[in-house]
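The values are calculated or read from the model by the stated rules, or taken from the named source; none is laboratory data. Quick caveat: nothing in here was measured; it's all calculated off a predicted structure. Reconstructed Cβ throughout: ideal geometry from the backbone, glycine too, with neighbour counts over all protein chains shown.
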Amino acid sequence: MMEMDVSNKRLTVLSICFLLAALVIAVKLFVLQILQGDYYSTLALSTHEIYKKIHPIRGEIFFRSAKDNTESGAAVNAKQYTIFAVPTEIKKDEVQKFAESLSAILLLNEENKKILIEKLSKVNDPYEPLAKKVDDLQMEQIKNLKLAGIYFNDEDRRFYPESSLAANILGFYGFDNEGNARGSYGLEGYLNQVLSGKSGLMLGEKGAKGGWITLAGRTTMEAENGANIVLTIDRALEYQACERLRQGFEEYKALSASLIMMDVQSGAILAMCSFPTFDPNNYSKVDSVSSYNNTAIFTPYEPGSVFKPITMSIGLDLDLITPNTTFTDPCVKKINGYEIKNANDTCYGVSSMTSVLENSINTGAMWVEEKIGADRFKNYIKKFGFGEKTGIELSTETAGDIRSLDKNGEIWGAVASFGQGIMVTPLQLTVAYAALANGGNLLRPYVVAEKRYANGKVEKMETLVNERVLSTRASKLVTGMLVSVIENGHSKEAKSANYYLAGKTGTAQIAGKGGYLEHVTNHTFAGYGPASSPKIALVVKFEQPERDWADSTAGPVFRDVMKFALEYLGVPKER
């Protein structure tokens, strides 16, 4: 009887326990399904409904030959590999042999070889990375060894076959401060969205082990690969021009150097150089981030006497002067309390307008500007594109600064006439000189010849005349004057043995606190050729070289680069 009472009590206690457990489960379900239902629905969605990005292939960038339209890679996609081991699959007696074989292919020293042996010896380790950025040849050599437990992962990387050549045009593809891969500077930055394409999406369900549930269905939106870009940059011209500029940059110990070569009939940029530069394959290895900036479009400066032909062309266009018009040099010109003199305080007496350019007479340029008038002068300068970005498809272009021409006082137009008090970029100067060369048409400069989209669409850049700034007559007259500058004036170092070239030097003082600095200058040579039928405009600029005058720095570089370019392009010799 007592045994039955004990059993009944146990049964009662057990029933109560089951009842309490059921009650706890019911309460928990109520909390999960009712009170916290939205939260766990979202959690289930993120666990089982997987949104997987389908990464598009980044568009590539190509040089194009100006001679035969052949193309070569400037920024391309290449495979690189990570080698990893699964030590649990490697037999202990094979570790040394594996390490010897891998070290020979990966060119490891004894210290790194010991580290490799340690990694391969971790018998309970399911994953151990061995080497990154392994190239195709090394990968194939290792694969042919058929080593058990040695595997590969591949990934795309951006590769620049020409290293630093055109680096400031291209920019680089890397990681931003938040760890996101994107293009920066140059074309990679400016056209990042075009080059990146559009990412796709994959929506589906995964099971508990992470695999796709086949019967659950899957929705896919395909990625759209980035567009390929074809440049107007000719690799041969780029290499020769930039190499010659580099030599000058180092020889003259300049702070920076830039060069632009432009087709005067189309606006296509054939070469563009900037120093200091960098290797986009190793973009982090720079002394300063300023190396990323393209000084040809980024760094405005007071151009100095290379601006005088612009002033002279305006006077010619308005029929206020001819190349033979004379003026009498006052030696010193006083305006608004300032005294303006010529370089080295030289006084030239009676001089023609051609002589004003040949001898780079400041007071002569001022005399022409005074005839033009402040308002007309300012309007022409704006028509030439100064003070505005050209719109070239490159990151970090600046607009320069001509706001001094809006100020009251005759002094601002007077000093601007010979390139002081206004800021321009080498690109703006190149575009202006191209207008002097081609009959007066201000062209839009461009560096992208074609955009080839993944869907087959091809977008070709066409020559665009922004504005007609000069008459054909004024263009021809100023060209003749600039030929005389090289043949007879201060720019004889730029003289070519085979061609008649048109051009002008500029040795510009640099403004500092309280006035212009002594013996600290920027040097520029701007010009075009051949004079009889201009093909290319060229601007060479050095920042603060350790030489006194531009005719001994920028002039010779201009001459050498023009010689190669004209001969390379098959332009017949004129003499």
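Taken over region 133-145, the residue count meeting the criterion of being part of a strand (DSSP E or B) and within 17 Å of residue 101 (Cα to Cα) is 1. Scan region 216-251 residue by residue and report those that are within 30 Å of residue 510 (Cβ to Cβ) and surrounded by fewer than 20 Cβ atoms within 10 Å (Cβ to Cβ). Those that are within 30 Å of residue 510 (Cβ to Cβ) and surrounded by fewer than 20 Cβ atoms within 10 Å (Cβ to Cβ): 240, 243, 246, 247, 250, 251. Taken over region 88-112, residues that are within 17 Å of residue 128 (Cα to Cα), aliphatic (A, V, I, L, M) and assigned to a helix (DSSP H, G or I) amount to 4. Could you check region 470-497 and list, in sequence order, the residues that are of a type outside the set (Lys, Arg) and over 16 Å from residue 308 (Cα atoms)? If the condition is that a residue be of a type outside the set (Lys, Arg) and over 16 Å from residue 308 (Cα atoms), then 471, 472, 487, 488, 493, 494, 496, 497 are the ones that fit.
Considering (1) loosely packed, with under 15 Cβ neighbours inside 10 Å; (2) at pLDDT 85 or above; (3) closer than 30 Å to residue 447 by Cβ, the lone condition that residue 79 does not fulfil carries the number (2). Is it the case that residue 466 is modelled with pLDDT under 95, of a type outside the set (Lys, Arg) and surrounded by 18 or more Cβ atoms within 10 Å (Cβ to Cβ)? For residue 466, the condition - modelled with pLDDT under 95, of a type outside the set (Lys, Arg) and surrounded by 18 or more Cβ atoms within 10 Å (Cβ to Cβ) - is met. State which residue is modelled with the highest pLDDT when the search covers only region 336-351 and only residues that are outside any loop (DSSP other than H, G, I, E, B) and closer than 17 Å to residue 417 by Cβ. Restricting to residues being outside any loop (DSSP other than H, G, I, E, B) and closer than 17 Å to residue 417 by Cβ, the top hit is 351.
Go through 462, 397, 410 for me and flag whichever is closer than 19 Å to residue 262 by Cα, in contact (Cβ under 8 Å) with a residue 12 or more places away in the chain and either not hydroxyl-bearing (Ser, Thr, Tyr) or not assigned by TED's automatic domain parsing to the domain that holds residue 527 (or both). Of 462, 397, 410, the one residue that is closer than 19 Å to residue 262 by Cα, in contact (Cβ under 8 Å) with a residue 12 or more places away in the chain and either not hydroxyl-bearing (Ser, Thr, Tyr) or not assigned by TED's automatic domain parsing to the domain that holds residue 527 (or both) is 397.
Every residue in region 279-298 that is assigned to a loop (DSSP other than H, G, I, E, B) and either at pLDDT below 95 or surrounded by fewer than 22 Cβ atoms within 10 Å (Cβ to Cβ) (or both), please. The answer is 279, 283, 284, 285, 286, 287, 288, 293. Whether a residue is under 20 Å from residue 311 (Cα atoms) and among the polar types (S, T, N, Q) was assessed, and residue 544 does not pass this test.
Taking the conditions (1) part of a strand (DSSP E or B); (2) crowded, with 20+ Cβ neighbours inside 10 Å in turn, residue 545 satisfies each one other than (1). Kindly provide the set of residues from region 119-170 that are among the basic types (Lys, Arg) and within 30 Å of residue 295 (Cα to Cα), ordered by number. Residues satisfying the conditions are 157, 158. Take the conditions (1) at pLDDT 85 or above; (2) exposed (fewer than 12 other Cβ atoms within 10 Å of the Cβ); residue 124 misses just one of them, which is (1). Identify the single condition in (1) farther than 21 Å from residue 567 by Cα; (2) touching a Gly at 6+ places or on another chain (Cβ under 9 Å) that residue 460 does not satisfy, given that it satisfies every other one. Looking at each condition in turn, residue 460 falls short on (2). Condition test on residue 510, is it closer than 19 Å to residue 416 by Cα, touching a Leu at 6+ places or on another chain (Cβ under 7 Å) and of a type in the set (Val, Ile, Thr)? Criteria met by residue 510. Annotation note: Cβ proximity below 7 Å between a residue of region 539-567 that is over 17 Å from residue 508 (Cα atoms) and a residue that is at pLDDT below 95 and assigned to a helix (DSSP H, G or I) (sequence gap 6+ or interchain) occurs for 556/493; 558/494; 559/493; 559/494.
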